[in-house]
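To start, the structure itself, in structure tokens.
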Amino acid sequence: MSQSRIRVLVGKPGLDGHDRGAKVIARALRDAGMEVIYSGLHQTPEQIVEAAIQEDVDVIGLSILSGAHLTIFPRVKDLLREQEAEDILLIGGGTIPEEDVEVLLRQGFAEALFTPGTPTGEIVGWIKQRLETKEPEPVRAKDE
Amino acid sequence: MSRDEMDEWLERLLRHERRAVAKLISRVEDDRGREEIMRSVRAHSGKSLVIGITGPPGVGKSSLVEALTHYYREKGERVGIAAVDPSSPYTGGAILGDRIRMQAHTTDRDVFIRSMGTRGHLGGVARSTADVLRILEAGGYGRLLLETVGVGQSEIEIMRLADTVVVVLNPGTGDGIQAIKAGIMEVADIFVVNKSDMPGAERMKNDIEMMLDLNGGAGPVRRPPVVLTSALQAAGIQELGEAIAGQQAFLRESGQIKIRRQVQLQRETWHCLEEKVRSLFDGAWPQIPQDLLEVGERDPFVLVEKVWAKMTGGRDDYER
Ligand SMILES: Nc1nc2c(ncn2[C@@H]2O[C@H](COP(=O)(O)OP(=O)(O)O)[C@@H](O)[C@H]2O)c(=O)[nH]1
Ligand SMILES: [Mg+2]
């Protein structure tokens, strides 16, 4: 019986030590039937991308509260490109000012960014919808 | 996946490309071309012995895997790790958190860590764990480590997968007694009392030794050593490494490895057979008994016979 399970890496880059938000997301994704690889605190972009490759995830979700989003998202995207793994979707959440959200999305440094307080169901829905078009073979979905 | 694409991934696997290792593992887990993939992979694997680390949640299995990885990296070996955590029986989802303790090796190109959910498979290991380990081996990771969830009884499943079964326990807990109850004593090749930095470790070791004395003779071919470790303080890891080497040398030199592999193959075959039978019922499962039930039959044994008769077309034996 063939069943492709959605796999998501939830990472917590940067120096801040709060992973409550990341854990809430991780649980919501699990409850939606996904396999969530939780890699812990203080991850470097290199560690995140390497783990994502080994785990063959469909999505990387980053929780950033440290204010380093403008360096981390582009760096992760760069590394994914280097590894020819651009088919992995990059999303994030945390305290990111509105104008930075726009910059990151416009420049393609993330596929989606969710502000604090976004209902988890919305994130689950976004992932499912984006990946629906992806089966059975990874197709590079264009950003709308 | 087309034949060509699969061949390309398999070629890339043999060139030890990490992405190929990762992609092929997913395909096997998702049952997309599993049989074909494994046919090729098997031709390039099977030599490495698998070290299985099992024990109750929280005893320090992941921490020990990390410490052993460090140990083998110092020796220049390339390490492949499969770490299994339970999937939710309700949603099929899972939170796989073993990597948290293995971060130090994430960017080491000579270490490959793969987290797996049990995906509905009982017994503390995932259905495709054996396959995943062989893919890692074919991908160039010769030292194989497997971490499985410790869930009582079903640890016995680890025998199907591991050549060296390491049972991890903690001092000052009822672990020892639980272990005997669960029948773990019989499957262990090596006992580890981890968290030896905490009180009661020596006593725990003595308890285990005593149980091994009582078991003596009738039981395992080789008396399992009991090793004290502290993954936290990196103590006893060398001793554990040596205990593993000793057991593996014994397996090879005594020819026991052949017997083990035969038992494993038998179990794996049986396991695949079970799966095949189950898949026959997938979808059809509610209907078949339904029409039999409508006849008013209430005896499950009679129902089994009728289902069996349906499955085998009325024949009880195999025709050659
Ligand atoms: N005191 C002490 N704590 C340890 C030791 N090894 C692991 N731990 C801690 O035990 C907890 C569970 O460890 P983990 O490796 O995740 O256990 P697992 O669930 O068996 O994989 C963590 O908080 C570890 O830091 C040890 O040798 N001594
Ligand atoms: Mg663990």
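The figures follow:
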read-out	value
Chain A: relative contact order in percent, alpha carbon pairs under 8 Å with at least 6 residues between	23 percent
Longest DSSP-loop-exposure-free segment, chymotrypsin sites (Phe, Trp or Tyr not before Pro), chain B, at most 16 other Cβ within 10 Å	B:91-317
Cross-link reach list, lysines versus B:LYS47, counting only Cα pairs under 28 Å and skipping chain neighbours closer than eight places	B:LYS23, B:LYS61, B:LYS75, B:LYS258, B:LYS276
Of the trypsin sites (Lys or Arg not before Pro) in the stretch A:103-133, those whose Cβ has at most 12 other Cβ within 10 Å and which sit in DSSP loop	none
Total formal charge among the other residues, if their Cβ is under 9 angstrom from that of B:HIS105, Lys/Arg +1 and Asp/Glu -1	-2
Helix-derived mean residue ellipticity, 222 nm - over chain A, DSSP H n ≥ 4, -39500 (n - 2.57), to 500	-12500 deg cm²/dmol
Neighbour-count ranking [beta-carbon atoms within 10 angstrom, fewest first] of A:ILE91, A:ILE37	A:ILE91, A:ILE37
Trypsin sites (Lys or Arg not before Pro) within the stretch B:1-90: DSSP coil, no more than 12 neighbouring Cβ in 10 Å	B:ARG15, B:LYS47, B:LYS75
Helix-only CD estimate at 222 nm, as mean residue ellipticity for chain B, using -39500 (n - 2.57) per DSSP H run (n ≥ 4)	-14000 deg cm²/dmol
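No value in this document is a laboratory result; all are computed from the given coordinates. Quick caveat: nothing in here was measured; it's all calculated off a predicted structure. Don't worry about glycine lacking a Cβ; one is built from the backbone with ideal geometry, like all the others, and counts go over all protein chains shown.
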